[in-house]
Structures are given as structure tokens and as C-alpha cells.
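**Q** Take this structure first; my questions come after.
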Amino acid sequence: MTIDDTLHSVRIDDPSNFPPQEDNFERLWTPQRMSYVLRDKTTEKKHEDTHSCPFCSAQEKSDAEGLIVWRGKNVFIIMNLYPYNSGHVMVCPNNHVAMLTELVDDSVILEFEKATQLAMTVMKNVSRPDGFNIGINQGEAGGAGVATHLHQHIVPRWNGDSNFMPIVAQTRTMPILLENQRAAYAQEAARLAPEVM
Ligand SMILES: [Zn+2]
């Protein structure tokens, strides 16, 4: 396969390509797998304690060491150590809960989304992105890297940022160092937070 073939066969993650456009995937219907899907998973559940959770341990470190951008009352904003794009942050609840449905207190749910808005505004002021990808992967099957501690991704996007590098070279171009980015975001978040939150 040539590089040209690869570029044409891989769908670049461009929001304008999202449904209703056809995804061109073939569907293989396998209803017999429902017994596997619906099995009792309680016995398989991994009991990961909070000491091995990067989002719990980050809270015990300094902002610079833990890559924390901003700390609220119940949630915080943290840089992603393995960014999808330069400036990728996550909003996490302070408490070690896995699912969005486990945020039961309305004030925490509100703060979670307010912090997402804060992160977007910080990015707009500091990095001037053209768009964002925001989302939560729930459970290992849903693609969550840390499945036991809820985190909402906020990824800034620029026109043309999905270039050929991730496809042909397995490399992402990161124009700014993580700590420099964190410091710039933290400064802007501290300035904005009183009026946004
Ligand atoms: Zn945790």
C-alpha cells in the first residue's frame, strides 16, 4: 500500500465527516454474542484502588508537578500527558468515580460542565483554536484509558491540524511543551475563573 492509498483509506477525524454521512463500515450482525455482552460482570470487576489512579495522585501533587491547570471546589482541570492534539486538557471530579451517572449531586454536575466551559474559554484566549472536540469515553470498552476515574476530554482543533503525520509516521506534532502550555492555561484560568464559575 502506498502512502497515497493510506491517506485515502483512513478517515481523518474531521467533525464535518460525522453522521449523517455514511461511514462505509460493513455490519456483521451477531445476535448470539448477546449472552456474552449481557453476562454478569460483577465477578470480573477489577478493584483498582485510588493509589494507582493518576487523577487521584495528581491532586496530591503541586499544580506544576501534577499538570493541573485549575482546581475548583469539586472538580479540576488537568493537562493530558498523552495529548491527541497540542493543548488537550481533561476535566475530572475530585472524587474517584467512574461513570457520569455516578455524579449525583447537582452542584457537582454543574461545576463539571462550568469547568468544561472555562477550559474552552482559556483555550480560546491562549491558543485561538478554530474548534473543539469534547467527549467522555466510559468504561474500557468505551475506550477510556483510565476507566475508573471520570474525565471529560477537551481537545482544541485548528483548521488543517489533522495532517499526514499521525497516519504515516505515528507521530503527532506538538509545537509547545506540556509545562509551558499548562502554565499559560493556569494563568488564564486563574484570571477568568472568578467571573466564569
Ligand atoms: Zn481516581
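**Q** I'd like to check which strands (runs of 3 or more DSSP E) are fully inside segment 74-145 and have at least 3 residues that are out of contact with any Lys or Arg (no Cβ under 9 Å at 6 or more places or on another chain) and modelled with pLDDT of 95 or more.
**A** On the way: elements: 75-79, 89-93, 131-135.
Passing ranges, in order: 89-93.
**Q** Next question, about the same structure. Go through segment 66-107 and give me each residue that's of a type outside the set (V, I, T), under 13 Å from the mean Cα position of the chain (by Cα) and more than 16 Å from the ligand (Cβ to nearest atom).
**A** Hits for segment 66-107 are M79, Y82, P83, Y84, N85, S86, G87, H88.
**Q** OK, next. Can you run down the residue pairs with Cβ atoms below 7 Å, 6 or more apart or on separate chains, where the first is in segment 94-105 and touching a residue at least 12 places away in the same chain (Cβ under 8 Å) and the partner is part of a helix (DSSP H, G or I)?
**A** Between residues of segment 94-105 that are touching a residue at least 12 places away in the same chain (Cβ under 8 Å) and residues that are part of a helix (DSSP H, G or I), the close pairs are N94/Q59; H96/T50; H96/C56; L103/I109; L103/F112.
**Q** Might you let me know whether segment 28-37 holds any residue that is at pLDDT 60 or above and within 16 Å of the chain's Cα centre (by Cα)?
**A** No; the residues of segment 28-37 include none that is at pLDDT 60 or above and within 16 Å of the chain's Cα centre (by Cα).
**Q** Please determine, by comparing only the residues of segment 135-149 that are over 9 Å from the mean Cα position of the chain (by Cα) and touching a residue at least 24 places away in the same chain (Cβ under 8 Å), which one is nearest to the ligand (Cβ to nearest atom).
**A** Across segment 135-149, the extreme among qualifying residues is H149.
Residues are listed down the side, and each one gets a yes or a no for (1) farther than 23 Å from E179 by Cα; (2) in contact with a His (Cβ under 9 Å, 6 or more places away or on another chain); (3) surrounded by 15 or more Cβ atoms within 10 Å (Cβ to Cβ); (4) acidic (D, E):
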residue	(1), (2), (3), (4)
R71	no, no, yes, no
V97	yes, yes, yes, no
F112	yes, no, yes, no
T148	yes, yes, yes, no
H151	no, no, yes, no
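**Q** Moving on. Restricting to segment 153-162, and then to whatever is under 21 Å from F76 (Cα atoms) and out of contact with any helix residue (DSSP H, G or I) (no Cβ under 7 Å at 6 or more places or on another chain), can you tell me which residue is surrounded by the most Cβ atoms within 10 Å (Cβ to Cβ)?
**A** Applying the filter and picking the extreme gives V155.
**Q** Taking N125 as meeting all but one of (1) touching a residue at least 40 places away in the same chain (Cβ under 8 Å); (2) touching a Leu at 6+ places or on another chain (Cβ under 6 Å), write down the number of the exception.
**A** (2)
The values are calculated or read from the model by the stated rules, or taken from the named source; none is laboratory data. It should be emphasised that the depicted structure is a prediction, and the values quoted were computed from it without experimental measurement. Reconstructed Cβ throughout: ideal geometry from the backbone, glycine too, with neighbour counts over all protein chains shown.
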